Structure formats: structure tokens, C-alpha cells
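Each remark here refers to the structure printed beneath this line.
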Amino acid sequence: MLTERVRSVTPAPPHRGSAIRDVPLPDTAHDPVTFSVQRLSAWFGQQQVLRDVSIEIPGRQVTAIIGPSGCGKSTFIRCLNRMHELVPAARRSGRVLLEGEDIHARTVDPVLLRRRVGMVFQKPNPFPTMSIRDNVLAGLRLTRQLRRSKADAVVERALRQAALWEEVSDRLAQPGIGLSGGQQQRLCIARSLAVEPDVLLMDEPCSALDPIATARIEDLIHALRDEYTIVIVTHNMQQAARVSQRTVFLLMGELVEHGETDQLFTAPRDRRTEDYITGKFG
Amino acid sequence: MSSTPRRDSVRNRRLLERAFVALCLLAVLLPLGLLALLIGRVLVDAGGRLSWGFLTSYPSRRAAQAGILPGLVGSLYLTGLTATIALPLGVGAAVYLEEYGRRGRLAHLIEINIANLAGVPSIIYGLLGLELFVRTVGMERSLLAGACTMALLILPIVIMASREALRTVPDTLRESAFALGGSHWQVVRQVVLPLAFPGILTGSILAVSRAIGEAAPLIVVGALTYIAFLPRGINSPFTVLPIQIFNWVSRPQEAFMVNAAAGIVVLLLTLLLLNGLAIYLRNRMQKRRYW
């Protein structure tokens, strides 16, 4: 149920310490605009998959990206943590600002960016060589050594956040691969949360899961909304309606419509949005 | 609606099925049988010569007193040295080509060339080793020159097997590791390599086994055949089991044939032992994997 109304979104407040400080700060306290996407286009080789997408993604809310297969949903969120550029022959133009800072700037290290902007993938994919505990710690271990007591605390906190702690606390040393699909996906979410990101990107996180596991992940998204900015790609419109406050509809790489989820689903402004959400195509 | 298949066509299909299985079984049994015959024959021939004394004696003019010690020790040294040189180079090259190098025409060309190199006759590597290591670099006819030559010989196999193993690691795992904020090296070191490791080892074991059995390149590089001492360090002259065997086989006296047979048994056992050890180590490391 979408009981809470979303406050209107203002343009990105300038990042503290950035060059654009002259711009007056908005006088009322709003949720921080976490992402400001400006004229983003993306290509794989010759094929253009995103066309001039401009959009604001507010902080501490869930934004759902919907659209038919191949509309550029995944590419869009993969541009938000610079995963897009890992694909050979991938190109991009336009800007993505994270709290006012251009994430594609020369001075930005994509490795550090990805620690702030975590990602959960379509298929649950715990690291096969690692136990449950090591999977949670993987992101931290990649980058530094941890003391055991600290590590235990991180593992418990992340697993509790991912609502998995009760189920696995007595078998942390067992393989992450041995869990059920839904548990594996929550383990992957815990793994992403353990590095303490600000943003969580989810690329169809439930498409490989059964309805019960899906419901658990959705509950989890609700719980995480207060602390993280979440962007979720989904092909399931009911899911978008259930979990998000804002919805973005992409079609053939173009932004067709975006706005509050309630409004977009009940009173779409664009004919194509209406056709899509009423199931006329897609 | 499709009509039900006629009875004789079903029978035909079953017959075909059986014939195919029989053919496959034959393809398994024939080489196995030949191999068993060969090994049995060698064991019978080697008969009385296999003893502790044979393992611990130096070659001699008198067949009954000749032993295989320098060859055995030389083979062990050479294998160890070859693996030390070839494996880091080969795995490193594979990691670069798979994980870092750009995919393009050049990469494709390199790939084809490596595959071709794996098919070059070993004697050619011997000639290359002679010219390059023995003469140009001036290593003389030493253990090191032999090991370098052997390393060249097995490098293409190590590289190809390692690349194959790295390719089996799903990209989704690499992506996840990148998404967690890993640098390229961290992703390779902590996620990709541990997963590919057993495959890399399997390929390496096969490659090193090949080096144990090779004689041709070493004849050219100059692994002397009569050596009455053990190699003292990597600059020492040396011989290896296959060359000692080759030497005995080429003698006219019947008694040396027995020695050769015994030498073959020792070579086979050495191979088996080294492979067994490598596989044991691999499986022990694999226990930490969960699929």
C-alpha cells in the first residue's frame, strides 16, 4: 500500500565543496536529490540503447524503472555505478551527478564510486568459493583486512538488515551456494549492504525467485528505504506499484514518463504509458 | 495429429541405439586394451631388473650393473625447474589475455598463434633451445638450458588450458565483485583465480607430464647420455629418464633391452606419482570450494 505521499522533487542542491556553490540552496529542507541524470545516452557498439534520458532520482526513496525488455532499463542503472563501461564497446554521453558530483569525471575512481553505489543482480550469485560469512565480507575483504571482532559485527549487522540472520546465524561457515534461491538473493543484498553504500541498485532482483521469496525481498526493500536510496529495475508492474514511491517508464531507450508511482499507475499522462501498464503491449 | 510410429521403425531405432553404444564402448576398450598390453609386456620384460639397486646405480658398460639414478634425479630436477619457469609465465599470460587484454584482431592473432605453437614438433623447440639458450645466452648444456627449452615447449599448453579455465568463471561473478567496489586486480585475485584454479592446475599437470616424457628436444639441447654423477645445481650437465631409455634401446646387446624396459617402468611410475601428487594437492584445495 502506498500510504505515504512523496514530497515534490527539486533540482539537485549543489554538492558541498563543489565549484557550483553560487547557486542558492533551496530554502526548505527536501530529501537530497541523490542522482541527477542529464541527457544520458548509451551505446553498445553501433546500437544506441539509451537516448537523452534526463531525470532526478531523489534520496531515501525507492525508484522503480519499468519498461518492456530491451528498453534500456538495465543499461540505465548500470550507468549509475559505471558498470556500463566494463562491457567491451560500450559508450556513453551525458552526465550523471551523484549529490552534485559528476561520477564520470576524470577525478572519480569507479572503484570508490561502486562502494557508495551498490548493486544487486538478477540472478542470485553468491561467490561459490566462499562461506555465507565470507560472502558477506567479500566486499570488505576485497579492499582491506578486518579484525575478527569487527568482522563478526559487520556480518551480523548486514545479515540482519537483509532479514537473513535468523535463518543462517547457526551455519555461517557453510557455503553460500547451499542456500535456497531467495536466501541467496538476500545474501547478495547483505553482501552489498556490508560495504555501507548510500545507494542500492537492484536489477530485477526477484525475477529468478518464487512468489514467497519475492515477497520477502519486497518487505526488505520497504525496510531499507529509510536508510538507502534504492533504484529497482523490474519487468513486473505490480512489483513496481508495491515497492516504489516513484516510477520511471522507459521505452526503446527513451524516457516516456516519470513521476510518483500512484499517479503514474492511476493517471498516466502519456498514451504509451497507459498502453503499457494496461497490458496492451510489452 | 501424428500417426503412431510403425513397429519396425521403433525396432530400428533401438538397434541403432545399441550399435552406437557398442561402438563407443569399443572406442574405450580398444586403446585401454592396447595400453594394458604394452604395460604388461614392459613389466614382463623388466622382470628381474627392477630393484632398489637399479634405482640407485649409475649407468655402466655392464648391463647387469647399470642403473638409472642420474636419469631419475635429472628428470625430477628438470620437471621441477620446468614447472617453476613455465607455470607462472603461462598463468600470467593467460590472466592478461583473458582478464586485461582487449579483444581485437591482435588478440585473435595471438590466440591462433599460441594454438599453433602447441602443435609444433618438440624437436623444433629443441633446436630453438640449442640456438637461444645454449649458444646465444650461453647457458651451455645445462639443466637450466634444458628446463628453459621444456618450458617453451609446454607454455602454449599451459596458456591455453589456463585461458579455458578462466573462461569458465561466469561474468556475473566478476560483475558482482566489481559492483562491490573491487579493483580489477582484487577481482581477479580473490574471485576469478580461486574459481579457475582447479582447471588451471589440471591443464598444468597435463603439460608438465608431457615435459617428463619428452626426449627429443633434450637430445638436441644436449642432455648427455652417460653421466656418472648427479646434477650439482642448475648449471650442471644432466640426463633424464627418456634419454637413458633411448640410449639403452639403441644398444645391440639383449641385456640392455631389459634395462630399457625397467627404465620405462620407472618412468611410468614417476609420472604416475607426480600426477597423483598434483591431483591430491588440487583436490585438497578444491575442498574449500562449494558448488
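Ordered by residue, what ³J(HN,Hα) values in Hz, to whole numbers, does the range A:75-92 give under the Karplus form 6.51 cos²θ - 1.76 cosθ + 1.60, where θ = phi - 60° and Gly and Pro are x?
Values, residue by residue: 4, 4, 6, 6, 6, 6, 10, 6, 7, 4, 6, 6, 7, x, 6, 7, 10, 7 Hz.
Tell me which residues come under 5 Å, amide H to amide H, from A:ILE57 once H is placed; ignore anything under 5 positions away on its chain.
Here the answer is A:THR34, A:PHE35, A:SER36, A:VAL37, since their amide H atoms fall under 5 Å of that of A:ILE57.
Taking amide H atoms as placed 1.01 Å from N in the peptide plane, list the residues 5 or more away in sequence, or in a different chain, whose amide H sits under 5 Å from that of A:VAL120.
A:LEU201, A:MET202, A:ASP203
Among all helices in chain B defined by DSSP H, which have a length of 27 Å or more along the axis from Cα atoms plus a Kyte-Doolittle mean of at least -1.0?
B:7-46, B:69-95, B:143-167, B:193-213, B:254-286
Just name one of A:LEU200, B:GLY101, A:VAL168: the one whose Cα is farthest towards the positive end of the charge dipole of the protein assembly as shown (beta-carbon charges, Lys/Arg +1, Asp/Glu -1).
The residue sitting most towards the positive pole is B:GLY101.
Where the centre of each part is set by its Cα atoms, how far does the range B:223-291 sit from the range A:75-114, in angstrom?
Cα centres, the range B:223-291 to the range A:75-114: 56 Å.
Relative contact order of chain A: what whole-number percent is it, with Cα pairs under 8 angstrom and at least 6 residues apart?
25 percent
Kindly rank A:104-110, A:150-156 from highest to lowest mean number of other beta carbons found within 10 Å of each residue.
Top of the packing list down: A:150-156, A:104-110.
Please compute the average number of Cβ atoms from other chains found within 10 Å of each residue's Cβ in peptide B:182-191.
4
Mind checking the dipole of the range B:54-286: about its Cα centre, +1 per Lys or Arg Cβ, -1 per Asp or Glu Cβ, Debye to the nearest 20?
For this selection, approximately 220 debye.
Which value at 222 nm does the protein assembly as shown reach when only helices count, each DSSP H run of 4 or more adding -39,500 (n - 2.57), with the total divided by all residues and rounded to the nearest 500 deg cm²/dmol?
Only helices count here, giving -16500 deg cm²/dmol.
Show which aspartates and glutamates lie in cross-link reach of A:LYS150 when reach means a straight Cα distance below 16 angstrom and same-chain residues fewer than eight apart are skipped.
Output for A:LYS150: A:ASP134, A:GLU196.
Need one number for the range A:129-282: average projected area of the convex hull over its C-alpha atoms, nm².
Across all orientations, the range A:129-282 yields a mean hull projection of 10.4 nm².
Amide H to amide H, which residues 5 or more places from A:TRP43 or on other chains are under 5 Å from it, using H placed in the peptide plane?
The list, which skips near neighbours in sequence, is A:VAL49, A:ARG91, A:ARG92.
Shielding by partners for A:102-115, please: the mean number of other protein chain Cβ atoms within 10 Å of each residue's Cβ.
2
Considering only C-alpha atoms, what is the centroid distance from the range B:84-162 to the range A:172-187, in Å?
42 Å
Read the figures in this text as sums done on the coordinates, not as results from a lab. Model, not experiment: these values are computed from the prediction. Here the Cβ is made from the backbone with ideal geometry for all residues, glycine too, and neighbour counts use every protein chain on show.
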